[in-house]
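The values are calculated or read from the model by the stated rules, or taken from the named source; none is laboratory data. Quick caveat: nothing in here was measured; it's all calculated off a predicted structure. Neighbour counts run over all protein chains shown; Cβ positions are idealised from the backbone, glycine included. For the accessible areas, the whole protein counts, side chains as well, though only heavy atoms, and no ligand, DNA or RNA atoms are used. Shrake-Rupley method; radii C 1.70, N 1.55, O 1.52, S 1.80 Å.
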Amino acid sequence: MPEPADQKNDVLRVDFQFRRELAEKVEGNLAGFCYQCGACVGDCPSTTYSSEFNPREIMLKVLYGLGEELLVEDSIIWQCTNCYNCYERCPQDVKPVEVIISLKNMLADRGFYPEAVGKIIKTFEETGRTTPLSPAVDRQRARFGLPPLEPVPMDEIRKLIEPAPD
Ligand code: SF4
Ligand code: SF4
């Protein structure tokens with residue numbers, strides 16, 4: 001018996017535009033080699049502390065091209081700590097964390113990022129560092145026999161972060 005038209009429309013379709021956009025951002029584009037073994041989940045600290053976050057499920061959504069579930073305001077993607085445990089564990093060398101970082105970049109391009117990330121971006125634009133320096137940092141370095149940190153060459157940083165001319 002043929003399915004009603006509205007039921008047919010419920011079928012998930014691969015979003016090839018999303019997959020193409022992501023492929024351009026991930027070096028090597030190895031996401032397609034993920035065979036869903038789950039090895040990336042075992043040592044993931046975000047999975048330990050969040051009932052929602054799971055790198056295997058994120059990779060599955062990437063494989064299905066479900067960009068509309070990942071590239072949303074308040075995306076679960078931001079729960080990844082960038083610890084790279086999944087990079088070490090993946091038997092397929094898929095580098096899930098690098099896929100996730102590329103998804104974060106795609107979210108930021110769309111203007112979707114947490115307030116805390118916005119503060120880091122602002123600090124970086126102003127100082128070339130992701131956290132502001134304080135005298136306490138130099139005191140701590142001195143305790144370990146390290147010299148004070150050199151100022152960041154902001155001219156060079158600005159050249160790197162300025163938008164490219166059209
Ligand atoms: S990303 Fe790697 S470790 Fe994670 S499910 Fe896929 S193949 Fe397994
Ligand atoms: S990099 Fe992200 S996804 Fe990978 S193990 Fe760490 S927190 Fe989990």
Which residue is nearest to ligand 2 (Cβ to nearest atom), if the candidates are limited to the range 57-69 and must be under 15 Å from the mean Cα position of the chain (by Cα) and free of Cβ contacts under 8 Å to residues at least 40 places away in the same chain?
Glu57
Just give me the residues in the range 81-108 being more than 13 Å from ligand 1 (Cβ to nearest atom) and among the hydrophobic types (A, V, I, L, M, F, W, C), in sequence order.
Cys83, Ile101, Leu103, Met106, Leu107, Ala108
Which condition number in (1) among the β-branched types (Val, Ile, Thr); (2) under 21 Å from Arg13 (Cα atoms); (3) assigned to a loop (DSSP other than H, G, I, E, B) is the one that Ile58 fails?
(3)
Every pair of residues 6+ apart whose Cβ atoms lie under 7 Å, when the first sits in the range 98-125 and is closer than 14 Å to Val62 by Cβ while the second is exposed (fewer than 14 other Cβ atoms within 10 Å of the Cβ):
Glu98/Glu27; Ile101/Asn82
Inside the range 18-56, the number of residues satisfying the requirement of being free of Cβ contacts under 8 Å to residues at least 12 places away in the same chain, more than 10 Å from ligand 2 (Cβ to nearest atom) and open to solvent by 80 Å² or more (accessible area, probe 1.4 Å) is 3
Would you confirm whether or not the range 70-90 contains a residue that is open to solvent by 70 Å² or more (accessible area, probe 1.4 Å), under 25 Å from Phe16 (Cα atoms) and in contact with a Leu (Cβ under 7 Å, 6 or more places away or on another chain)?
no
